[in-house]
Amino acid sequence: TSDLTVNLTTDKACYRPGETVSFTADVLPAGAKVRYRTLNKVISEQAVAGSSWTWTAPATDFTGYLADVYRTKEDGTEVILGTIAVDVSSDWTRFPRYGFVATFDASKTESKIQEEMAFLNRCHINGVQFQDWQWMHHKPVKLNADGSLTSWYQDISKRWVGVEYVKNYIAEQHSYNMKSIFYNLCFGAWKNATNDGVKTEWALLKNNAGNYEQDYHGLPDSWASNIYLQVPSNQGWLQYMVERNEEVYDNFGFDGFQIDQLGYRGTVYDANR
């Protein structure tokens, strides 16, 4: 039978084989025990007391376990008091569980970020996308003249983004073994991107009654720009974005890049028509 009155947490969203798993319970009745199993196979069992204890994850990779906290009544009946899962995987992409963060302003205090990431950890989220964290799509990192990071900038919708809050999210996620993934389009640029080295010959074009015009994703007039599209396979554009992404990795602790696109664009052309 079950009486799920014990709230359980673990210290990480996933673990490497052989890593120590730390459990915390809000309250445990006397005589409680915990067992660890995968499917219907019990791996081990132990008595628990107090509000925290540890368990060494087995050496088998890419395996999920369930920790059952239970007590046994006088008639021998087991009562399940609380359960929590443990993912033992050396590579998070084997069993990805994706979440996201999308606001990076002064409302994201240290305690707020800790609260949010503790919730994602309890949900076993092991990868977190940073949605619209960047400055311009073709130039995600805003640098000062001396090469240092600009502390504040506005995204395409003119929301303020603080670099310290982006970095605080990454640090908190890494403490839970989560991976931090930055979002961007694979072929988007703001207006006047030629000022930043984007070449006109990279543009993705549409035929408008014989006039070849750059394809774009329209956005509200109150926003900073529409998104003007480039030929994603153009070697010049690819090299340009490689360099911009190196700036991302050089200045932030991101673990990967979520590459977005905009779906079918109809009949389109490159500079060669």
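The values are calculated or read from the model by the stated rules, or taken from the named source; none is laboratory data. Not measured: the values here are computed from a predicted model. Here the Cβ positions follow ideal geometry from the backbone for every residue, glycine too, while neighbour counts run over all protein chains shown. Side chains included, ligands, DNA and RNA excluded: accessible areas come from the protein's heavy atoms. Shrake-Rupley method; radii C 1.70, N 1.55, O 1.52, S 1.80 Å.
Is there a residue being in contact (Cβ under 8 Å) with a residue 60 or more places away in the chain and either over 17 Å from Asp255 (Cβ atoms) or of a type in the set (Phe, Trp, Tyr) (or both) anywhere in the stretch 43-64? No: zero hits.
Scanning for something open to solvent by 70 Å² or more (accessible area, probe 1.4 Å) and either more than 19 Å from Gly256 (Cβ to Cβ) or in contact with a helix residue (DSSP H, G or I) (Cβ under 9 Å, 6 or more places away or on another chain) (or both), does the stretch 117-126 turn up at least one residue? Yes: the stretch 117-126 contains one or more residues that are open to solvent by 70 Å² or more (accessible area, probe 1.4 Å) and either more than 19 Å from Gly256 (Cβ to Cβ) or in contact with a helix residue (DSSP H, G or I) (Cβ under 9 Å, 6 or more places away or on another chain) (or both).
Residues checked against (1) touching a residue at least 40 places away in the same chain (Cβ under 8 Å); (2) more than 29 Å from Gln239 (Cα to Cα); (3) in contact with a Lys or Arg (Cβ under 6 Å, 6 or more places away or on another chain):
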residue: Lys108; (1), (2), (3): yes, yes, no
residue: Ile113; (1), (2), (3): yes, yes, no
residue: Ile125; (1), (2), (3): yes, yes, yes
residue: Ala145; (1), (2), (3): no, no, no
residue: Leu149; (1), (2), (3): yes, no, no
residue: Trp152; (1), (2), (3): no, no, no
residue: Lys167; (1), (2), (3): yes, no, no
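Reported count of residues in the stretch 1-59, each being touching a strand residue (DSSP E or B) at 6+ places or on another chain (Cβ under 6 Å) and among the small types (Gly, Ala, Ser), is 10. Across the stretch 245-260, the qualifying residues are those that are part of a helix (DSSP H, G or I) and of a type in the set (D, E, K, R), and the one among them that is least open to solvent (accessible area, probe 1.4 Å) is Glu247. Does Ile113 satisfy the criteria of being touching a strand residue (DSSP E or B) at 6+ places or on another chain (Cβ under 7 Å) and over 23 Å from Gly197 (Cα atoms)? When the stated conditions are applied, Ile113 does not pass them. Restricting attention to the stretch 200-216, the residues being surrounded by 13 or more Cβ atoms within 10 Å (Cβ to Cβ) and free of Cβ contacts under 8 Å to residues at least 60 places away in the same chain number 3.
Based on this model, can you work out whether Thr77 counts as hydroxyl-bearing (Ser, Thr, Tyr) and at pLDDT 95 or above?
Values: hydroxyl-bearing (Ser, Thr, Tyr): yes; at pLDDT 95 or above: no.
Here the answer is no, as Thr77 does not meet what is asked.
In summary, strands (runs of 3 or more DSSP E) completely within the stretch 1-113 and bearing 2 or more residues that are open to solvent by less than 20 Å² (accessible area, probe 1.4 Å) and farther than 30 Å from Asn184 by Cβ occur at 8-10, 20-25, 33-38, 63-72, 78-88. Take Val242 and tell me if it is open to solvent by less than 70 Å² (accessible area, probe 1.4 Å) and without any contact (Cβ under 8 Å) to a residue 12 or more places away in the chain. Criteria met by Val242.
For the stretch 137-149, a residue qualifies if it is surrounded by 13 or more Cβ atoms within 10 Å (Cβ to Cβ) and either assigned to a loop (DSSP other than H, G, I, E, B) or under 17 Å from the mean Cα position of the chain (by Cα) (or both), and the qualifying residues are His137, His138, Pro140, Val141, Lys142. Only a single criterion out of (1) assigned to a loop (DSSP other than H, G, I, E, B); (2) within 30 Å of Leu120 (Cβ to Cβ); (3) open to solvent by less than 20 Å² (accessible area, probe 1.4 Å) is not satisfied by Ser225, namely (2).
For the stretch 115-136, what are the residues that are outside any helix (DSSP H, G or I) and either of a type in the set (Asp, Glu) or more than 21 Å from Tyr98 (Cβ to Cβ) (or both)? Before the answer, list the steps.
Let us first name the residues in the stretch 115-136 that are outside any helix (DSSP H, G or I), namely 123-136.
The answer is Asp132, Trp135, Met136.
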